[in-house]
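Any read-out appearing in this document is the output of simple, stated calculations on the displayed coordinates, not a laboratory observation. Note that the structure is a prediction, hence the values are computed from the model and not measured. Don't worry about glycine lacking a Cβ; one is built from the backbone with ideal geometry, like all the others, and counts go over all protein chains shown.
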Amino acid sequence: MLANEAGKIWMNGSLVEAAEAKVSVLAHTLHYGVGVFEGIRGYSTSKGGVIFRLRDHVKRLILSAKVYKMAIPYSEDEIVDAVVGTQAANDIYPSYIRPIVYRDGPALGVKNLTTKVSLAIAAIPAKKYLGEKSDNGIRAKLSPFRKVRSDSLPAMSKAVGNYLGSYLAGTDAQQDGYEEAVLLDSNGYLAEGSGENIFVVRGGTLYTPGPEGDILLGITRDSVIHIAQDLGFPVVQKTLSVGELLTAEEAFFTGTYAEIAPIREISHYVIGNGKPGPMTRDIQDVFYKTVRGEEPRYAEWLHPVPPLAKPVPRASRR
Ligand SMILES: Cc1ncc(COP(=O)(O)O)c(C=O)c1O
């Protein structure tokens, strides 16, 4: 994403052109990874633009910031409005919306609780993170890199620095020709993907690691648990071994950017018959109907984006 493709960025209360949204090279976050962010999706429905589970993402952003002692200088409602305003100003669907909370600079020195906490929000065109065909299945590599324990870096905080591990695992998998990495925790149990949660199906039950694991508590994960239970599928949150993963009948990743990506193969072990399984397909079906606004049952997950009174002309965004 080049700056001039990112359209308008909301930065500390104002919408500015992306090229004007600047941060000091001495910003604390750039040096020490102390920052938190969100990944949110905007979708187009027959009733207009919507943002999926916006308030839940904003609540998680605030909790992520709390872990790192960053007081965001905006309320939950103000952040919700800022995200909606950024989406409306850019008017791109589907979109990937990225709020980031960071300590501005210049300020070096790790122990720093006084430097200004800033918020910036971008809304860019969304792609399928795991490839345009990922809805039909991807190949994943069991990563040699383990998740950092949550008593070192709390995984439930979506912190910038946590993504060093995701980068190592994800790029290692990519260089070996896989679409994504599966990470184990330091005890050898299943954790998550580099940017997704993971589910497996065994004997007609859906399993996923629980909140005590070293995982981000994904909002797509939570949506899938609701959808699966409403479909009548038993859902169990528990620690899962490598054996339980490799011999699963079905497996899939969930994430805002990845959406729901069936896993066909993990490190040359074919999952099920190598095709998306029936439970995965049923859950995908309801999820995609939901985000398109075709599933009244979950309509409350869709936050409307009112069109701008005066739309920003496309030309002025370039
Ligand atoms: C490490 C990690 N786990 C899980 C997820 C899935 O979370 P969500 O469904 O809220 O996007 C993400 C993506 O945000 C992630 O980066």
Just to be sure I understand, how many residues within the stretch 213-249 are exposed (fewer than 15 other Cβ atoms within 10 Å of the Cβ) and β-branched (Val, Ile, Thr)?
2
Only residues that are within 16 Å of the ligand (Cβ to nearest atom) and in contact with a Leu (Cβ under 7 Å, 6 or more places away or on another chain): list them for the stretch 254-272, please.
Ala258, Ala261
What do you reckon, is Lys127 more than 14 Å from the ligand (Cβ to nearest atom) and either farther than 30 Å from Gly7 by Cβ or over 16 Å from the mean Cα position of the chain (by Cα) (or both)?
no
Evaluate the following for Ser118: is it under 24 Å from Trp301 (Cα atoms) and of a type in the set (S, T, N, Q)?
no
Looking only at strands (runs of 3 or more DSSP E) that lie completely in the stretch 168-249, which have at least 2 residues being under 16 Å from the mean Cα position of the chain (by Cα) and closer than 30 Å to Lys59 by Cα?
180-184, 190-193, 197-202
Scanning the stretch 80-105 for residues that are of a type in the set (Asp, Glu) and surrounded by fewer than 19 Cβ atoms within 10 Å (Cβ to Cβ), the one farthest from the chain's Cα centre (by Cα) turns out to be Asp104
Among Ala228, Ala159, which is the only one that is more than 12 Å from the ligand (Cβ to nearest atom) and of a type in the set (Gly, Ala, Ser)?
Ala228
